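Written out below as structure tokens is the structure these notes cover.
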Amino acid sequence: MSNDTSNQMWGGRFSAGVDAIMEAINASIGFDQRMAAEDIAGSRAHAAMLAATGIVSDSDAEAMREGLLTVLSEIEAGTFEFSTQLEDIHMNVESRLKALIGEPAGRLHTGRSRNDQVATDFKLWVRGQMDAAIAGIRALQLAFLGQAEAGADWVMPGFTHLQTAQPVTWGHHMMAYVEMLGRDASRFEDARRRMNESPLGAAALAGTSFPIDREMTARELGFDRPASNSLDAVSDRDFALEFLSCASICAMHLSRFAEELVIWSSAQFRFVQLSDSFSTGSSIMPQKKNPDAAELIRAKIGRIFGANVALMMVMKGLPLAYSKDMQEDKEQVFDAADNLMLALAAMEGMVRDMSANRESLAGAAGSGFSTATDLADWCVRVLNMPFRDAHHVTGSLVAMAEAKGCDLPDLSLEEMQSVNAAITEDVFSVLTVEASVASRTSYGGTAPSEVHKQVARWKDALA
């Protein structure tokens, strides 16, 4: 930084320019230029308020507001020259504004600090990402709803411990992710409400002696209210941490389904076929079709988790109010937001395009004695047997079928009666996977009738 530039931007505080190392460690323009639109929106709101309160003239405020629009158009057109010597997006914009409109630009910073300015910019940017994440989640929910409605009565194995447990329907499995994503969206919505307070006007940390109108700037920027404590307003990064926390939970859900897609698309399962758009081939094995998009989603999630931990570590030891450590808040959030949106878009594409193999699903649904619980329930319901006794009888029949190398419906009535003489021919009515899923009509159960109800409920909610 030259002496002239140092004196211009710092009011003569430094008698000599910083060296290249200090410039490199201090500058944030390489990444915070992403907040240019938010910075200019905040400055235009501040300029309008300064005029409305009589702190600056209407003509100066109009020059500032129009000049800021010119700066924004240059940035959007890619003709703006960012300078690391000017450190950050705020000084880059202000310096260019001065070149465009002259002396009135120097009045723009009246009644504010870079501390409340950056907090405002960052909040606006994170709020926009929360809105984008909610929209991405809703789109993915609709993709899952389409799969659920199409396969509401398709039987498949339900797993615990990745072992066959009970038959479920494809629609029921898809709706589980609709529910997860619904909670994800609600977390972002809740965090958005909580963070929607304006830091602008808190100044460096103590507020300002100028007669500013913080309610006005809050309204102009779409905030619900001004933040109530100036110390907290400039030092708060809870909104970024909440964004990362919500993003981490959502990303975990995406990773779980990505893992299922990797398993389901394998030759050993053949439950689903992913479209060519989200798969790749092998450079050496022509038969391969790899679920690369699912695997990359599964891997990228670690970056979102890492960003959450990284910002926690930045903030955990900071006394009030602002410390330069907080400049390290943005890169992690930017990266996490980028990867979350990419993962949501890729997952939506995979879910919309994937084809479930109904025959493979049905074939696997009856394996592993998946209707054993139905047999036990029948003993309780029809024979009035205590459930623990029914569990024992069913276990004995499973052992018999396993020894014979067959499934429960393949046992004869005589073989079943050798374990318990009270068993009747009616038992076979509950041993098909179709009968099993159709019987699970409790609220939230896997029965096709219940799946259709949940699909309808969510369609109304997302309409």
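The values are calculated or read from the model by the stated rules, or taken from the named source; none is laboratory data. For clarity, every value in this text was computed on a predicted model and none was experimentally measured. With ideal geometry, Cβ positions are generated from the backbone for all residues, glycine too; neighbour counts draw on all protein chains shown. These area figures cover heavy atoms from the full protein model, side chains too; ligands, DNA and RNA do not enter into them. Shrake-Rupley method; radii C 1.70, N 1.55, O 1.52, S 1.80 Å.
Things to note:
- At least 1 residues being of a type in the set (Ser, Thr, Tyr) is the threshold, and among the helices (runs of 4 or more DSSP H) wholly inside the range 17-80 those reaching it are 36-52, 58-77.
- Hits in the range 371-384 (condition: in contact (Cβ under 8 Å) with a residue 24 or more places away in the chain and in contact with a helix residue (DSSP H, G or I) (Cβ under 6 Å, 6 or more places away or on another chain)): Thr371, Ala372, Asp374, Leu375, Trp378, Cys379
- With respect to the conditions (1) acidic (Asp, Glu); (2) within 29 Å of Val272 (Cα to Cα); (3) in contact (Cβ under 8 Å) with a residue 40 or more places away in the chain, Asp329 falls short on a single one, namely (2).
- Lone unmet requirement of (1) free of Cβ contacts under 8 Å to residues at least 24 places away in the same chain; (2) open to solvent by 10 Å² or more (accessible area, probe 1.4 Å); (3) aliphatic (A, V, I, L, M) for Ala218: (2)
- Of all residues in the range 410-424, those that are of a type outside the set (S, T, N, Q) and touching a Cys at 6+ places or on another chain (Cβ under 9 Å) total 2.
- Residues located in the range 414-439, provided they are in contact with an Asp or Glu (Cβ under 7 Å, 6 or more places away or on another chain) and among the hydrophobic types (A, V, I, L, M, F, W, C): Val430, Leu431
- Checked against (1) open to solvent by 30 Å² or more (accessible area, probe 1.4 Å); (2) within 30 Å of His173 (Cβ to Cβ); (3) touching a residue at least 60 places away in the same chain (Cβ under 8 Å), His253 passes all but condition (1).
- Residue match in the range 107-114 (condition: surrounded by fewer than 23 Cβ atoms within 10 Å (Cβ to Cβ), among the aliphatic types (A, V, I, L, M) and either assigned to a helix (DSSP H, G or I) or touching a residue at least 60 places away in the same chain (Cβ under 8 Å) (or both)): no
- Note on the range 293-338: residues that are in contact with a Ser or Thr (Cβ under 8 Å, 6 or more places away or on another chain), more than 28 Å from Leu261 (Cβ to Cβ) and surrounded by 15 or more Cβ atoms within 10 Å (Cβ to Cβ) amount to 5.
- Checking each residue in the range 82-106 for being closer than 19 Å to Gly201 by Cα, of a type in the set (Gly, Ala, Ser) and surrounded by 16 or more Cβ atoms within 10 Å (Cβ to Cβ) picks out only Ala105.
- Search result, residues across the range 444-463 that are closer than 12 Å to His172 by Cα and not hydrophobic (A, V, I, L, M, F, W, C): Gly444, Gly445, Thr446, Pro448, Ser449, Glu450, His452, Lys453, Gln454
- Qualifying residue in the range 163-172 (condition: in contact (Cβ under 8 Å) with a residue 24 or more places away in the chain, part of a helix (DSSP H, G or I) and either farther than 24 Å from Ile263 by Cβ or open to solvent by 10 Å² or more (accessible area, probe 1.4 Å) (or both)): yes
- Lone qualifier among Gly405, Gly368 - being in contact (Cβ under 8 Å) with a residue 40 or more places away in the chain, out of contact with any helix residue (DSSP H, G or I) (no Cβ under 9 Å at 6 or more places or on another chain) and over 30 Å from Lys300 (Cβ atoms): Gly368
- Any hit, the range 258-276, residues being under 26 Å from Glu179 (Cα atoms), open to solvent by 60 Å² or more (accessible area, probe 1.4 Å) and either among the basic types (Lys, Arg) or outside the structural domain of Arg138 (by the TED database) (or both): yes
- Residue check, Asp374 surrounded by fewer than 17 Cβ atoms within 10 Å (Cβ to Cβ) and either of a type outside the set (Val, Ile, Thr) or at pLDDT below 95 (or both): no
- Considering (1) surrounded by fewer than 21 Cβ atoms within 10 Å (Cβ to Cβ); (2) more than 26 Å from Arg138 (Cα to Cα), the lone condition that Leu342 does not fulfil carries the number (2).
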